[in-house]
Amino acid sequence: MSYNPSYCWILALVLGPFFTQRVRDPQRVPKTITQLYSYYIYNILKNHGREIESPRDVLLRVGQMAFRGVSEKKIVFTDEDLIKYNLQPSQFLSGFLMELLEKENSARSVVYTFPHLTIQEFVAAVAQFINPNPGDILKFLTEAHNTTDGRFEVFLRFVAGLSSPMTARGLEEILGPFPNETTCRMIDWVKEAVKRQSGNTESEAGKRSLLNTLHYLFESQNRGLAQAALGSVESLSFREKTLTPIDCAVLSHVIGLCDTIKQLDLENCRIQCEGIQRLGPVLHKCQELRLRENDVGDSGVKLVCAALRNPECKIQKLVLWDVGLTYSGAEDLSSALSTNPLLTELYLGGNNLRDSGVKLVSAALRNPELDNVGLTDSGAEDLASALSTNPSLTELDLSYNKLGDSGVKLVSEALRTPECKIQELWLMNVGLTDSGAEDLASALSTNRSLTWLILESNSLTDRSVPALRRLILTLPSLEWIWLVENLFSETGRKELRSLQEPRPELRVDL
């Protein structure tokens, strides 16, 4: 909650007395933002509610004025506004509104404002619940949710949160019972909103809308509702949508109520270690976990490793591309991988592992992507040793590492072994020359499983064409060889292209 200063201020007001009590009631500690504001308003009503005959009626009118302000993006109200809603300045009203002196044309007047916009939004939400005519609430909720400028986002979270009996209980002591019809309609609307939005995450607006509906679920604290809404959801994608630690806590809550999430895509969501910490308890439930381009660092990866060690871990594919992983984190990752029997795909590209880190990961290798990890010919020796004894490896991406011909030769020798089942081999921009191409072609000529060979952006010339020809002619399983951005002449290109004629299923890209 520290990401919103108003929450901190209200926390101090609400929880200050709690932490000074000798006997504390854990049930009174708010779990949601709605519960926090509910306690805040409850304290105002408790201290000032006796001053007026009908607190419910007055709060309804204050809430209606607050809602009009939210709708019109208005936070300052005048005497005319109070008169319109039949409100009179009083000690009770001063618990909700602050008086401000406004000077205009040498005259002084008083205007009114809520202590913070979020308080205005909460009072507006309460008014929706105690409205004696709740018939149009479904239409109203849908229109507010579809408003794209965000003015109703927090307000709707409060409305969803007030459907929780535990949240509303304190307010009902003073305001009377909330209409059951409103609560039921709110629950039905949230359930349908989640189902409708869960498959609509292609656009930024779709992701934002889905995230808001998950916040509604969290605020409602309704386990049955969450399970009914998410029971058929198999994939959640927020790729390139910035997620705060609070968003991650909400995700953790709702995923915890799902049986299995087949894919959780959080690539480039600007999640850091704190966000992973909030997600940590549920990561093991995901079959495919994508965390690419989040700066979680070694400490965040360590939390992911805890999920891998969980006896109930279901992770089969893990994407940790460019997450700030170093040798320190690789040690913990290697240990976790060695105890996980399900993981078959691991993507570690874009991390600063260096040779020492690759050596650690190699010991527990499954199906790795190790492109651009700082691997050199020295570390390739450890990698080759791991490859030669790993029959489950089918994809290997070593692109953008400084292997050179010597490093490629070491890897090639491992691929020569009968146990090797490599199907896709990526050696893009690894410093390969004509000399290394000879070793590679010789080693792969005995491989019966290779279908893709990517050699883009190396230093191959026409001198390597005979070796590549032999490789293509002796490798019947090969479907695609990618040779773009090398140094072939037009004659060399023509000779390589001609190999496609007797093999129409073969694709030679130059």
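The values are calculated or read from the model by the stated rules, or taken from the named source; none is laboratory data. Since the structure is predicted, the reported quantities are computational estimates derived from the model, not experimental observations. Glycine gets a Cβ as well: all are built from the backbone with ideal geometry, and neighbour counts include every protein chain shown. Accessible surface is based on the protein model in full, side chains and every heavy atom, while ligands, DNA and RNA are left aside. Shrake-Rupley method; radii C 1.70, N 1.55, O 1.52, S 1.80 Å.
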**Study point:** Separation of the Ser232 and Trp480 label points, Cα + 7 Å toward Cβ, nm
**Key:** 3.4 nm
Study note, to complete from the structure: Gyration tensor on Cα atoms of the range 173-212, a ≥ b ≥ c root eigenvalues, a/c under 1.5 rounded, else prolate if a/b beats b/c, else oblate, says prolate
Check your understanding: What is the packing order of peptides 425-434, 331-340, taking the mean over residues of other C-beta atoms within 10 Å and listing the highest first?
Key -> 425-434, 331-340
Study note, to complete from the structure: Those GluC sites (Glu not before Pro) from the range 419-457 that are DSSP loop and have at most 12 other Cβ neighbours within 10 Å turn out to be Glu419
Review point. Counting Lys and Arg as +1 and Asp and Glu as -1, each charge on the Cβ, what is the dipole of the chain about the Cα centre in debye, to the nearest 20?
Key: 1360 debye
Review point. Using the heavy atoms of the protein chains alone and a 1.4 angstrom probe, what is the accessible area of the chain per residue in square angstrom?
Key: 45 Å²
Check your understanding: What is the extension gain from Ser445 to Arg463, computed as 0.36 nm multiplied by their sequence separation minus the C-alpha to C-alpha distance, in nm to one decimal?
Key -> 4.7 nm
Study note, to complete from the structure: Given Cβ charges of +1 for Lys and Arg and -1 for Asp and Glu, the option among Asn212, Val358, Leu348 whose Cα lies farthest towards the positive end of the dipole of the chain is Asn212
Exercise for review: Give the accessible area for Ser328 in Å² (nearest 10); use a 1.4 Å probe, count only protein heavy atoms, and leave out ligands, DNA and RNA.
Suggested key: 70 Å²
Check your understanding: For the charge dipole of the chain, defined by +1 on Lys and Arg C-beta atoms and -1 on Asp and Glu C-beta atoms about the Cα centroid, which residue among Leu383, Leu398, Gln88 has the Cα displaced farthest towards the positive pole?
Key -> Gln88
Practice item. Might you work out the accessible area of Asp188 for me, using a 1.4 Å probe with all protein chains in place, and round it to the nearest 10 Å²? Key: 80 Å²
**Study point:** Burial order of peptide ranges 156-167, 473-484 (average beta-carbon count within 10 Å, highest first)
**Key:** 156-167, 473-484
Review point. What nm distance separates the two modelled labels at Glu172 and Lys74, each placed 7 Å from Cα along Cα→Cβ?
Key: 3.3 nm
Exercise for review: Can you list which of the trypsin sites (Lys or Arg not before Pro) found in the range 269-331 are DSSP loop residues with at most 15 other C-beta atoms within 10 Å?
Suggested key: Arg270
Revision key, fill the gap. Heavy-atom accessible area with a 1.4 angstrom probe orders Val76, Val358, most exposed first, as Val76, Val358
**Study point:** With every protein chain in place, the chain: carbon and sulfur % of accessible area (1.4 Å)
**Key:** 49 percent
Check your understanding: For the chain, what is the relative contact order in percent, using Cα pairs closer than 8 Å and at least 6 residues apart in sequence?
Key -> 6 percent
Practice item. Return the whole-Å distance between the Cα centroid of the range 154-199 and the Cα centroid of the range 432-510. Key: 64 Å
Review point. Taking square-rooted eigenvalues a ≥ b ≥ c of the alpha carbon gyration tensor, is the range 39-197 rounded, prolate or oblate, where a/c under 1.5 means rounded and, failing that, a/b exceeding b/c means prolate?
Key: oblate
Practice item. Taking H placed 1.01 Å from N in the peptide plane, check which residues at least 5 places from Gln287 or on another chain put their amide H under 5 Å from its amide H. Key: Ile261, Lys262, Gln263
Review point. For the range 256-267, what does the Karplus curve 6.51 cos²θ - 1.76 cosθ + 1.60, with θ = phi - 60°, yield as ³J(HN,Hα) per residue in whole Hz, taken in order and with x for Gly and Pro?
Key: x, 9, 8, 6, 8, 10, 5, 9, 10, 9, 10, 5
**Study point:** Cα shape, the range 376-510, gyration tensor, a/c 1.5 rule
**Key:** oblate
Check your understanding: Which listed residue (Gly275, Val296, Tyr327) has the Cα farthest towards the positive end of the charge dipole for the chain, taking +1 on Lys and Arg C-beta and -1 on Asp and Glu C-beta about the Cα centre?
Key -> Gly275
Point to revise | Structure-derived semi-axes √(5λ) of the Cα gyration tensor in Å - corresponding label in (i) 46, 31, 20; (ii) 62, 23, 20; (iii) 35, 26, 23 | key: (ii)
